[in-house]
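The values are calculated or read from the model by the stated rules, or taken from the named source; none is laboratory data. Only a predicted model underlies this, so the values are computations on that prediction, with no experimental measurement involved. Cβ placement follows ideal geometry from the backbone for every residue including glycine, while neighbour counts extend to all protein chains displayed. Protein only, heavy atoms only, side chains kept; ligands, DNA and RNA dropped before computing areas. Shrake-Rupley method; radii C 1.70, N 1.55, O 1.52, S 1.80 Å.
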Amino acid sequence: RYSLFYNRLKNIEENEGGLDKFSKSYKTFGVNQFVDGGIYCKEWAPGAEAVFLAGDFNGWNPFSHPYKKMEYGKWELFIPPGQDGCPPVPHGSKLKVVIRAQNGELLYRISPWARYVVRDEDKVNYDWVHWNPPQSYIHKHPSPRRLKSLRIYESHVGIASPEGKVASYKNFTYNVLPRIKDLGYNCVQLMAIMEHAYYASFGYQVTSFFAASSRYGTPDDLKEMIDVAHSMGITVLLDVVHSHASKNSEDGLNKFDGTDSCFFHSGPKGNHQLWDSRLFDYANWEVLRFLLSNLRMWIEDYRFDGFRFDGVTSMLYHHHGIGTGFSGDYNEYFGLHVDEDALCYLMLANHVIKFLHPECITIAEDVSGMPALCRPVAEGGGGFDYRLAMAIPDKWIQIIKELKDEDWNMGNIVHTLTNRRYEEKYIAYAESHDQALVGDKTLAFRLMDAEMYTNMSVLSPLTPVIDRGIQLHKMIRLITHALGGESYLNFMGNEFGHPEWLDFPRIGNNESYHYARRQFNLTEDHLLRYRFLNTFDRDMNKLEEQFGWLASPPGFVSEKHESNKVIAFERAGLIFIFNFHPYQSYVDYRVVCHCSLTVICKYKILLDSDAAEYGGHERLDHSTEYFSEEYPHNYRPNSLMVNKIFFIYFYLSNLK
């Protein structure tokens, strides 16, 4: 695999004038303006018989501006500036690439490199609009330094408002970013930014890879949003979709040059049978140019600080993970079923990103557990910084759905939270956007279900279902945060147990926006219990910021007691104690501490889920101090006695 990567990289260096030039092709392909006002156009359309440019600038004459045919299926056109130096294609004018297919048919296409596409309300398809404002947005703030502890707020701009509408970049900038900052998240991961014609696809059916979605605002609005995030010290990641593309041809990549292939494999190999989308040919030279340049454009034009690569499992295997389970056997990761061209592309992508912008972060969404995916390319790895710990949310769903509280297996929970590849960093999360979508349920809904509609007011009785649901919601999130990985992720709204599901407007719901929103206002109503969960999530993140357990070595688990339903572990100098028992509390409970035999360590409570501000019953005295003893327990020489553990967790800090 490394040999394949090395040879491909060497070929690019030798034949394209270097990797820097190759990955900067977004500045020459598509439609670009020279300093003198002239317009240079370039496309790759190997199946075309002829290529033309038409638009408002030439009265939509399909033949007046023909491209010149070049080698390897490329076409170019230069349009000189006007006599007054004005560009021949004005900013904001509409364009189309006109392809004469091999059968003689004229096809009106949007350039794959288009920077801005819009859809009029009375139209089905998107239009390509030439974006070249006299003065583009100028970034004022530098990107934050690379983070050691990554606390990610997974976000969707369009639903980031309590109102039933498509929210804007401006709304996110001035209403949502301050909220993210206050909650203690230091990174925002943006979904559905790359233009997608179908809003309900959640951004995963991309039609224009170089265009920021216009349904939220202009490219400059997005640049401002990222700039403001940087001013707050927030890192911004893009959810990039290079695993497949929309089947749209009128306003997408599909059949751009009139053939079934071009950017994709031809025939069945080029179609994803579950996603109903097209699959890239990662061995194709021009596809590599297109995808690598796409990554670089998002970094250098918009100042994104890295990427979360979607659908990596589908890319890695010819079977795309369909109907395939992964047990961890190495035969599942090495063999002819692995798409080595796709793996080579991912290695190239990470190499390009780290070579040109070493501070950037890359994340792989891979459910298979491909070995070394998050090791450096120089070691033969995939080059990613993090991978998503996708087994964790599945485990929480399984035990909540299938087991009574008293049947939860502590060892199984700990195993799932700690089972990760050595020296590969994982992003732990209890739930993401997947669990929020219609057809699934969030943790809050699984725990409290219909009672969320009637008993989340402090004026209503605190029923056992709501009480237990609120406490478990906090416990699940903290133990995932503290034990599950080297980074943490939360989907917007889930931090406070957002009620109901997420459903985009579509024919099946009469194009309603009622469920395509996030009701942040619920946390601001002091008569509702959502504020307790919101406050706990904030304090949990603030404490991690203080002690940095995500950047510390993995936690040392000292206890996973099945009958007591207690889990205890140490990480970053803190002792975490969780009591998952549904009704049993404990007095004088001994737990391990990692103190030196010659030092007596003093501990105190730092975070207590039973505290009143988190919707608890306030049964613990926070002024109590605890001292380590030279008293062997659970095969460790030192321990301490905790006077009470209620059937809600709390944890302690080592103060020495």
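Using only Cα atoms and rounding to the nearest 10 degrees, what angle (0 to 90) does helix 340-356 make with the longest principal axis of the chain? Once rounded, one gets 80 degrees.
Among the listed pairs K181/K560; K165/K441; K42/K170; K140/K181; K123/K165; K401/K565, which are separated by more than 29 Å between their Cα atoms? Walk me through the intermediate numbers first.
Values: K181/K560 35 Å; K165/K441 22 Å; K42/K170 33 Å; K140/K181 19 Å; K123/K165 19 Å; K401/K565 18 Å.
Violating the 29 Å Cα-Cα cut-off are K181/K560; K42/K170.
Extension gain for E524-N331 works out to 64.2 nm (0.36 nm per residue, less the C-alpha to C-alpha distance). The structure-derived value of volume of the Cα convex hull per residue in Å³ appears in the list (i) 191; (ii) 703; (iii) 167 under the label (iii). Ranking Y40, Y2, Y515, Y198 from most to least accessible surface, computed with a 1.4 Å probe over the protein chains only, gives Y198, Y2, Y515, Y40. Centroid-to-centroid, using Cα positions, the stretch 246-268 and the stretch 325-402 are 27 Å apart. The GluC sites (Glu not before Pro) of the stretch 554-607 that meet both conditions, a loop assignment by DSSP and at most 15 other Cβ atoms within 10 Å of the site Cβ, are E562.
When the Cα gyration tensor is reduced to axis lengths a ≥ b ≥ c, the ratio a/c is 1.5 or higher for the stretch 528-597, and with a/b not above b/c it is classed as oblate. In this simple spin-label model, placing a label point 7 Å from the Cα along the Cα-to-Cβ direction at both S3 and H617 gives a separation of 6.7 nm.
Could you calculate the FRET efficiency of E423 with K68 from 1/(1 + (r/R0)^6), where r is the beta carbon distance between them and R0 is 41 Å, rounded to 0.05? Mind dumping the intermediate values first?
Numbers: r = 52 Å, r/R0 = 1.27.
Approximately 0.20, to the nearest 0.05.
I need the shape label for the stretch 30-111. Rule: rounded when a/c is under 1.5, else prolate if a/b > b/c, else oblate, with a, b, c from the alpha carbon gyration tensor. Don't skip to the answer; put the middle values down first.
Numbers: a/c = 2.41, a/b = 1.60, b/c = 1.50.
Taking the square roots of the gyration eigenvalues as a ≥ b ≥ c, the stretch 30-111 is prolate.
Ignoring aspartates and glutamates fewer than eight residues from K474 along the same chain, the ones with Cα atoms less than 13 angstrom from its Cα are E431, E495, D537, D539, D608, D610, E613. Listed by chain and number, the lysines placed with their C-alpha closer than 18 angstrom to that of K425 are K148, K354; residues fewer than eight positions away on the same chain are left out.
Compare the peptides 530-543, 619-632, 201-214 by average per-residue count of other Cβ atoms within 10 angstrom and give them in order, highest first. If you can, show how the numbers build up before the last one.
Numbers: 530-543: 21.3, 619-632: 13.6, 201-214: 23.6.
The packing order, highest mean first, is 201-214, 530-543, 619-632.
Listed peptides 450-461, 228-239 appear in the order 228-239, 450-461 once ranked by packing, highest mean of other Cβ atoms within 10 Å at the front.
Counting Lys and Arg as +1 and Asp and Glu as -1 over every other residue whose Cβ lies under 14 Å from the Cβ of K269, the net charge comes to -3. I need the Kirkwood Rh of the stretch 556-653: take the reciprocal of the average 1/r across all distinct C-alpha pairs and report it in angstrom. Roughly 13.6 Å, rounded to one decimal. Distance from the C-alpha centroid of the stretch 51-82 to that of the stretch 517-579: 59 Å, rounded to the whole angstrom. Against the criterion of solvent-accessible heavy-atom surface with a 1.4 angstrom probe, F491, F355 sort, most first, into F355, F491.
Which of the peptides 385-395, 133-143 is most tightly packed, and how do the rest follow, going by the mean number of other Cβ atoms within 10 Å of each residue? Spell out each step's value before the answer.
Values: 385-395: 21.3, 133-143: 11.8.
Packing order, densest peptide first, comes out as 385-395, 133-143.
For the stretch 430-509, just say rounded, prolate or oblate: build the C-alpha gyration tensor, square-root its eigenvalues into a ≥ b ≥ c, call rounded for a/c under 1.5, and beyond that prolate if a/b exceeds b/c, oblate if not. It is oblate, given that a/c is not under 1.5 and a/b is not larger than b/c. For the chain, C41, C86, C187, C262, C344, C360, C374, C593 stand unpaired, since no other cysteine beta carbon lies under 4.7 Å from theirs. If you average the alpha carbon positions of the stretch 431-492 and of the stretch 294-316, how far apart do those two centres end up, in angstrom? Each part's Cα centre sits 30 Å from the other's.
Shown in residue order for the stretch 238-255 are the 3J(HN,Hα) couplings computed by the Karplus curve 6.51 cos²θ - 1.76 cosθ + 1.60 at θ = phi - 60°: 9, 7, 9, 10, 10, 8, 6, 9, 4, 7, 4, 10, 5, 10, x, 7, 4, 6 Hz (x for Gly and Pro).
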